[in-house]
Amino acid sequence: MVEVTNESNDKPVEHHYVVTLDDVTDDAMACTYTHHVHQNAFCKVMAGVKNATDDGTLEAFPSEDSEDDDIDDTNDAETTNRQ
């Protein structure tokens, strides 16, 4: 199970979701985000968990610029409690 909170939102507590992972494959199986709940579709939160780094951060909009730029392009969404 992975808990995800969108920290960049004005009310992050209202944007907290839980993604359930398969115990064997570690694939996202279910999510509390409305798109998955109502349409049973692979949602953006599940995609974020799949693409999150080991430190729990997600670069939502990767920069195509060089690494020398001082701009921080990382999104404030954070995944926690990966079990």
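The values are calculated or read from the model by the stated rules, or taken from the named source; none is laboratory data. None of the values given here were measured: they were computed from a predicted structure.
Across segment 35-52, the number of residues qualifying as on the phi < 0 side of the Ramachandran plot and not in a helix (DSSP H, G or I) comes to 4.
On inspection, Gln39 qualifies as more than 14 Å from the chain's Cα centre (by Cα) and at pLDDT 90 or above. Taking segment 4-34 as the range and being at pLDDT 90 or above, part of a strand (DSSP E or B) and not hydrophobic (A, V, I, L, M, F, W, C) as the test, the residues that pass are His16, Tyr17, Thr20.
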